[in-house]
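Read through the structure below, which is laid out as structure tokens, and then see the notes.
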Amino acid sequence: MTITRILSLATVLALPALAGALVAPLPATAQDLPDADVLIERYVEAIGGRDAHLTPASIRFSGTLSIPAMGLDGTFELLQIPDVGSRMSSTLPGIGDLMVGFDGEVGWSVDMLTGPQLMEGDELEHMRERALAAASFRDRELVPERETVGRVELDEGVCYRVRLLWVSGRETFDCYAPETGLLLRSEDVQVTEMGEIPSVTRYSGYQEFHGMILPTRMIQSTMGIEQILEILDVTVDDADPDALEPPAAIRTLLEGS
């Protein structure tokens, strides 16, 4: 999702010191395991059900974004319009303003390191895939292959690890809590202009907002650096019609392409 994309941008500053610090894969155990479909269905129910997440015309998140290892603390705002796209902006001292968005066709980013950029190739396809509501629910139309591969113990607790193979070809892993059905951890590979970067995201502090059960704290580990995102407020149905329109710098790139 867009959150992980903007966190990856913030990590770019630390890359020279992070070579070889990739996250190790989680172990799997050989035993009787619940079917992946059952775990996913239980997860969808645990987060409030499909209708709660599909009813709002728009969902706006705001909160804090920090990178403790770099001593950075900032804020963010993320607007999502289901099945259309999203736009996220963040401000971090020493890094400046970061923006990333997808309007249903064009994926883009703006930051002080690289300036305005258009997404293309796998990076754009992954953003298009994540914009679909079906992605949040791990629907078979997007995730035709899924398999429970183990029961593992994490700092967040015991969970069932599920391998997901998406129609785009990417492979990810979810880890669901046996007691609550909630997602505790996910493993992905972020596609960026720098190449593919493995990442692990941990979810906690689930709360109810407008009928949706959402994690209020997300910790993403990318190449040994942790980025912490905390949601403080969620509003719905307050987006302007042109809310996802790319900024002027991106429109200039489009006109010249």
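The values are calculated or read from the model by the stated rules, or taken from the named source; none is laboratory data. On a predicted model such as this, the values are computed, not experimentally measured, just so you know. When we count neighbours, we look across all protein chains shown, and the Cβ atoms used for this are built from the backbone with ideal geometry, even at glycine.
Determine whether the range 158-177 contains at least one residue that is under 19 Å from the mean Cα position of the chain (by Cα), within 30 Å of Ala249 (Cα to Cα) and not basic (Lys, Arg).
For the range 158-177, residues under 19 Å from the mean Cα position of the chain (by Cα), within 30 Å of Ala249 (Cα to Cα) and not basic (Lys, Arg): present.
Select from the range 69-87 the residues that are aliphatic (A, V, I, L, M) and in a loop (DSSP other than H, G, I, E, B) and list them in ascending order.
Passing the criteria: only Val84.
Take Glu153 and decide whether it is modelled with pLDDT of 90 or more, out of contact with any Lys or Arg (no Cβ under 8 Å at 6 or more places or on another chain), of a type in the set (D, E, K, R) and closer than 27 Å to Ala52 by Cα.
no
Among the residues of the range 186-193, are any closer than 19 Å to Pro116 by Cα, of a type in the set (Val, Ile, Thr) and assigned to a strand (DSSP E or B)?
Taking every residue of the range 186-193 in turn, at least one turns out to be closer than 19 Å to Pro116 by Cα, of a type in the set (Val, Ile, Thr) and assigned to a strand (DSSP E or B).
Restricting attention to the range 202-216, which residues are more than 18 Å from Gln80 (Cα to Cα) and surrounded by 14 or more Cβ atoms within 10 Å (Cβ to Cβ)? Steps first, answer last, please.
Applying the first criterion (more than 18 Å from Gln80 (Cα to Cα)) to the range 202-216 yields 202-207.
Selection gives Arg202, Tyr203, Ser204, Tyr206.
Could you please let me know if Asp233 is exposed (fewer than 15 other Cβ atoms within 10 Å of the Cβ) and modelled with pLDDT of 95 or more?
Yes; evaluated as a whole, the condition is true for this residue.
Cβ-Cβ distance below 7 Å, separation of 6 or more or different chains: which pairs start in the range 68-90 with a residue that is farther than 19 Å from Ala239 by Cβ and touching a residue at least 24 places away in the same chain (Cβ under 8 Å) and end on one that is outside any strand (DSSP E or B) and among the β-branched types (Val, Ile, Thr)?
Leu72/Ile95
Identify the single condition in (1) under 27 Å from Val234 (Cβ atoms); (2) at pLDDT 90 or above; (3) not basic (Lys, Arg) that Glu145 does not satisfy, given that it satisfies every other one.
Of everything listed in (1) under 27 Å from Val234 (Cβ atoms); (2) at pLDDT 90 or above; (3) not basic (Lys, Arg), Glu145 misses just condition (1).
Of all residues in the range 127-148, how many are buried (at least 17 other Cβ atoms within 10 Å of the Cβ) and not in a helix (DSSP H, G or I)?
Counting residues in the range 127-148 that are buried (at least 17 other Cβ atoms within 10 Å of the Cβ) and not in a helix (DSSP H, G or I) gives 6.
When residues of the range 47-90 are filtered for being closer than 16 Å to Ala134 by Cβ, over 15 Å from the mean Cα position of the chain (by Cα) and among the polar types (S, T, N, Q), how many remain?
1
In the range 153-170, what residues are assigned to a strand (DSSP E or B), in contact (Cβ under 8 Å) with a residue 12 or more places away in the chain and surrounded by fewer than 17 Cβ atoms within 10 Å (Cβ to Cβ)?
Leu154, Gly157, Val158, Leu165
Do you know which residues across the range 37-68 are part of a helix (DSSP H, G or I) and touching a helix residue (DSSP H, G or I) at 6+ places or on another chain (Cβ under 7 Å)?
Val44, Arg50, His53, Leu54
Looking at the range 207-219, can you tell me whether even one residue there is of a type in the set (Gly, Ala, Ser), closer than 21 Å to Gly49 by Cα, in contact with a helix residue (DSSP H, G or I) (Cβ under 9 Å, 6 or more places away or on another chain) and not in a strand (DSSP E or B)? Give the derivation first.
Pass one, the range 207-219, residues of a type in the set (Gly, Ala, Ser): 211.
From what's left, closer than 21 Å to Gly49 by Cα: 211.
Those left that are additionally in contact with a helix residue (DSSP H, G or I) (Cβ under 9 Å, 6 or more places away or on another chain): 211.
Then keep just the ones that are not in a strand (DSSP E or B); that gives 211.
Yes, the range 207-219 has at least one match.
Only one of these conditions is not met by Gly115: (1) within 20 Å of Ile213 (Cβ to Cβ); (2) out of contact with any strand residue (DSSP E or B) (no Cβ under 9 Å at 6 or more places or on another chain). Which number is it?
(1)
Just one of Asp139, Asp122 is of a type outside the set (Ser, Thr, Tyr) and in contact (Cβ under 8 Å) with a residue 60 or more places away in the chain; which is it?
Asp122
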